[in-house]
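Engineer: So that we are looking at the same thing, I have put the structure below in structure tokens.
The values are calculated or read from the model by the stated rules, or taken from the named source; none is laboratory data. The structure presented is a predicted model; accordingly, all values stated were derived computationally and were not measured. Using ideal geometry, Cβ is built from the backbone for each residue, glycine included, and neighbour counts are taken over all protein chains shown. The accessibility values were calculated without ligands, DNA or RNA, using every heavy atom of the protein model including side chains. Shrake-Rupley method; radii C 1.70, N 1.55, O 1.52, S 1.80 Å.
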Amino acid sequence: MNRQVDNAGDAQNRTSVERKGDRELIVTRTFEAPPSTVYKAWSQPELFQRWWVPKSATGVSLVSCDMDVRTGGKYRLEFGADGSDTMAFYGRYLEVVPNERIVWTNDEDEEGAITTVTFEEQGGKTLLKFHEVYPSKEALEEALQGSAAALPEQLEQLDELLSSLGV
């Protein structure tokens, strides 16, 4: 799998989704904002809540967002559909270097991935790399049909948020 997803016709800011081997997924995108601003959108719950849930997931909302973004900290995201049944996703931050990288676990089950997001300065812009390593080929396949499939839309929403912040 290697796709380019066009974002509003801007070839420079395409989201690239690449499968690497049997267990890895790499998603990249350039944002018109400095790494410190993009990092804030990933690390401040009030900003994270504004872009993380794909708009195409009609009726689903992030009803609870607890994030202690520091090495050794934990997170818990609780999603609900139409205010009823909820599903929680949680894990630990293994490494946090402000404005540079965040590494976390996805602890919902034994098939959880390790996710690394890096924020690379490129002339006032940020090259974001989202890298997930899954414990098995099957876990990656499942993610590609579910949560990972939404990443291009989520990153487009992040881009919209950054624009609305006046960056």
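Engineer: Take the residues in the stretch 139-148 that are in contact (Cβ under 8 Å) with a residue 12 or more places away in the chain and within 16 Å of ILE114 (Cβ to Cβ); name whichever of them is most open to solvent (accessible area, probe 1.4 Å).
Structural biologist: GLU142
Engineer: Search the stretch 18-27 for residues being over 15 Å from THR118 (Cα atoms) and either part of a helix (DSSP H, G or I) or touching a residue at least 24 places away in the same chain (Cβ under 8 Å) (or both), and hand back the single one that is most open to solvent (accessible area, probe 1.4 Å).
Structural biologist: Step one: list which residues in the stretch 18-27 are over 15 Å from THR118 (Cα atoms), which gives 18-24.
Next cut, either part of a helix (DSSP H, G or I) or touching a residue at least 24 places away in the same chain (Cβ under 8 Å) (or both) only: 19, 22-24.
Numbers: ARG19: 58, ASP22: 88, ARG23: 109, GLU24: 52 Å².
Looking at the filtered set, the residue picked out is ARG23.
Engineer: Next question. Just give me the residues in the stretch 28-42 being open to solvent by 20 Å² or more (accessible area, probe 1.4 Å) and under 22 Å from THR116 (Cβ atoms), in sequence order.
Structural biologist: THR28, THR30, PRO34, SER36, THR37, TYR39, LYS40, listed by residue number.
Engineer: Determine which member of the set GLU160, GLU78, GLU156, GLU141 is under 21 Å from SER43 (Cβ atoms), more than 14 Å from the chain's Cα centre (by Cα) and part of a helix (DSSP H, G or I).
Structural biologist: Matching residue, one of GLU160, GLU78, GLU156, GLU141: GLU160.
Engineer: Next question. Looking only at residues in the stretch 149-167 that are of a type in the set (S, T, N, Q) and surrounded by 15 or more Cβ atoms within 10 Å (Cβ to Cβ), which one is farthest from GLY124 (Cα to Cα)?
Structural biologist: Residues of the stretch 149-167 of a type in the set (S, T, N, Q): 154, 157, 163-164.
Checking which are surrounded by 15 or more Cβ atoms within 10 Å (Cβ to Cβ) leaves us with 154, 157.
Working: GLN154: 22, GLN157: 20 Å.
So, considering only residues that are of a type in the set (S, T, N, Q) and surrounded by 15 or more Cβ atoms within 10 Å (Cβ to Cβ), the one farthest from GLY124 (Cα to Cα) is GLN154.
Residue-by-condition table, conditions (1) in contact with a helix residue (DSSP H, G or I) (Cβ under 6 Å, 6 or more places away or on another chain); (2) at pLDDT below 90:
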residue	(1), (2)
SER84	no, yes
MET87	no, yes
ASP107	no, yes
GLU111	yes, yes
THR126	yes, no
GLN145	no, yes
ALA149	no, yes
GLN154	no, no
SER164	no, no
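Engineer: In this structure, is VAL60 modelled with pLDDT under 95 and surrounded by 13 or more Cβ atoms within 10 Å (Cβ to Cβ)?
Structural biologist: Against the criterion (modelled with pLDDT under 95 and surrounded by 13 or more Cβ atoms within 10 Å (Cβ to Cβ)), VAL60 qualifies.
Engineer: OK, next. Which residue out of ARG76, ARG70, ARG50 is closer than 26 Å to LEU127 by Cβ, open to solvent by 40 Å² or more (accessible area, probe 1.4 Å), free of Cβ contacts under 8 Å to residues at least 40 places away in the same chain and of a type outside the set (Val, Ile, Thr)? Can you show your working first?
Structural biologist: On the way: ARG76 fails: closer than 26 Å to LEU127 by Cβ; ARG50 fails: free of Cβ contacts under 8 Å to residues at least 40 places away in the same chain.
Checking each option against the conditions leaves just ARG70.
Engineer: Could you figure out which of (1) more than 16 Å from the chain's Cα centre (by Cα); (2) of a type in the set (Asp, Glu); (3) more than 22 Å from ALA150 (Cα to Cα) isn't true of ASP85?
Structural biologist: All conditions pass for ASP85, except number (3).
Engineer: Please state which of the following conditions VAL97 fails to meet, knowing it meets all the rest: (1) open to solvent by less than 70 Å² (accessible area, probe 1.4 Å); (2) in contact with a Ser or Thr (Cβ under 7 Å, 6 or more places away or on another chain).
Structural biologist: (2)
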